Amino acid sequence: DITVVSGSTVWVDPDQPDVVIVGATGGVLFRSSDGGDTWTEITDGVDSASGSTFIDFAEFVGDSSTLYASYQSQDSGGGVLQSTDGGATWTNTDMPDVPAGPLVANADGQVLVGVGVEQTDAAEARGLYLFDGIEWTHISSAADHPTYQALVTGLTFDPETNTVYAVSSGADMEGEVFKSNDDAVWQDWSIVGGDTIPSDFWGQSVVINTHDTDQIYVSTARPSGTGSIYSCSIIKDACEVYYTGLKDETFNTMVFDGLVTGSNTGIFAYQSKAKLTLTKQTNKRRLVAGLTDKATNKVLNNRTVRLYRKFKKGGTFKLIDTKKVRHGQATFLVNQRGGIFQARWRARKADADVYTPLTISSNVTF
């Protein structure tokens, strides 16, 4: 059994789920090949991380035998180890002695690591480092680079476009969301969201909506206070609060599966929301109900919207018509003006597993 109580990161082989590696404080790695029933402490090649804390793992896309592990030392240093046998043995990649954090790797032999801790704002210990399989390059070294001196706390990789997204925290400067703009060498970067990201943003994790790659989610985790999840549109270059945590609740890591996120304790499932609007066309005596996914703005066709009406504020709504959503909207003909109309949609069957609350409504006075 594992005797170290402070495990810090874990990796499960996507091709062989019984192979599990745990990184811990003290610079210790443990490996299991039977799904966690038994464990072996890894000693080969791990000595350079002695006394450190392992932060993250990443494997080459399509090749889980090539694996990387980042670590940080107590004196704000660190590095990255490499394994070519599924984590059984390791070697040092000779990265500069900087606090290595989140990792991503592609299928072409490139590894990207975000670096930085609050204890130092030295330019060489912040930003992004790129490994081409032979040597490391500090791509954030120039003062005009978007990630210069950024305390990078989260990375995610889209293998379909070879695009990387990164987030930084606002330890001593504004936190940001970054995007790589070249699909080959990961050298050119831009900032996402602009003024829609607040100055006290403490980015911690970032994931891509696998159903709509224009959308990414970013979580925040501050040393104190309440965290949030932001939804960002790359095309619109804008972000907005998608969810605000409970008091003192922060979000350290996320996995997109529509949407699952880890908090301070436990795992929470987060459902999406639908948006229902009701507008009037006065001259034509029509009411138009629109139904969309609030996060993606995609229309929700073939859903049933019900129209209710009451004549007094204190009255009771009565059902007067039912329509299916076609091409993103349901159109109701109103024979007489006057009264308060209300459109309602209730999630049924499969929608109930996706959307919350189950019933939404929208009012208009005609």
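The values are calculated or read from the model by the stated rules, or taken from the named source; none is laboratory data. These numbers come from a predicted model, not from an experiment. All Cβ positions, even for glycine, are placed from backbone atoms using ideal geometry, and neighbour counts span all protein chains on display. Surface accessibility is based on the protein's heavy atoms, side chains included, excluding ligands, DNA and RNA. Shrake-Rupley method; radii C 1.70, N 1.55, O 1.52, S 1.80 Å.
Determine whether A142 is of a type in the set (G, A, S) and part of a strand (DSSP E or B).
Taking the combined requirement at face value, the residue does not satisfy it.
Report, by residue number, each residue of the range 23-68 that is over 27 Å from A107 (Cβ atoms), in contact (Cβ under 8 Å) with a residue 24 or more places away in the chain and either among the small types (G, A, S) or open to solvent by less than 50 Å² (accessible area, probe 1.4 Å) (or both).
A24, G26, G27, V28, F30, S50, G51, S52, T53 - these are the residues of the range 23-68 that are over 27 Å from A107 (Cβ atoms), in contact (Cβ under 8 Å) with a residue 24 or more places away in the chain and either among the small types (G, A, S) or open to solvent by less than 50 Å² (accessible area, probe 1.4 Å) (or both).
Residues that are open to solvent by 20 Å² or more (accessible area, probe 1.4 Å) and of a type in the set (D, E): does the range 293-312 have at least one?
No: zero hits.
Given (1) over 20 Å from the mean Cα position of the chain (by Cα); (2) open to solvent by less than 10 Å² (accessible area, probe 1.4 Å); (3) within 29 Å of M173 (Cβ to Cβ), identify the lone condition not met by P96.
Only one criterion is unmet by P96, namely (2).
One line per residue, one yes/no per condition, for (1) open to solvent by less than 20 Å² (accessible area, probe 1.4 Å); (2) of a type outside the set (A, V, I, L, M):
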position: T161; (1), (2): no, yes
position: V164; (1), (2): yes, no
position: S180; (1), (2): yes, yes
position: D195; (1), (2): no, yes
position: P198; (1), (2): no, yes
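Return the residue satisfying two criteria in turn: it lies in the range 340-366 and is aliphatic (A, V, I, L, M) and assigned to a strand (DSSP E or B), and of such residues it is surrounded by the most Cβ atoms within 10 Å (Cβ to Cβ).
Per the criteria, the residue is A343.
Can you tell me which residues in the range 205-228 are closer than 22 Å to E118 by Cα and either part of a strand (DSSP E or B) or touching a Phe, Trp or Tyr at 6+ places or on another chain (Cβ under 7 Å) (or both)?
S205, V206, V218, S219, T220, A221, R222, G227, S228
Restricting attention to the range 107-128, does a residue exist that is hydroxyl-bearing (S, T, Y), open to solvent by 20 Å² or more (accessible area, probe 1.4 Å) and touching a residue at least 24 places away in the same chain (Cβ under 8 Å)?
Yes, because at least one residue in the range 107-128 is hydroxyl-bearing (S, T, Y), open to solvent by 20 Å² or more (accessible area, probe 1.4 Å) and touching a residue at least 24 places away in the same chain (Cβ under 8 Å).
Name the residue that is modelled with the lowest pLDDT, counting only residues in the range 242-263 that are open to solvent by less than 90 Å² (accessible area, probe 1.4 Å), not in a strand (DSSP E or B) and not charged (D, E, K, R).
The qualifying residue modelled with the lowest pLDDT is L259.
Using the structure shown, decide if K284 is at pLDDT 65 or above and open to solvent by 90 Å² or more (accessible area, probe 1.4 Å). Talk me through it step by step, then tell me what you get.
Working: at pLDDT 65 or above: yes; open to solvent by 90 Å² or more (accessible area, probe 1.4 Å): yes.
Here the answer is yes, as K284 does meet what is asked.
Being surrounded by 19 or more Cβ atoms within 10 Å (Cβ to Cβ), out of contact with any Ser or Thr (no Cβ under 7 Å at 6 or more places or on another chain) and among the hydrophobic types (A, V, I, L, M, F, W, C) is the requirement here; does L151 meet it?
Details: surrounded by 19 or more Cβ atoms within 10 Å (Cβ to Cβ): yes; out of contact with any Ser or Thr (no Cβ under 7 Å at 6 or more places or on another chain): no; among the hydrophobic types (A, V, I, L, M, F, W, C): yes.
So L151 does not fit the description; no.
When S169 is evaluated against the numbered criteria (1) of a type outside the set (V, I, T); (2) under 24 Å from the mean Cα position of the chain (by Cα); (3) modelled with pLDDT under 95; (4) more than 16 Å from G203 (Cβ to Cβ), which criterion, by number, is the only one it fails?
Condition not satisfied by S169: (4).
Restricting the first residue to the range 302-331 and requiring it to be without any contact (Cβ under 8 Å) to a residue 24 or more places away in the chain, which pairs with a second residue that is of a type in the set (G, A, S) and surrounded by 11 or more Cβ atoms within 10 Å (Cβ to Cβ) meet a Cβ separation below 7 Å and a spacing of at least six or different chains?
K324/A330
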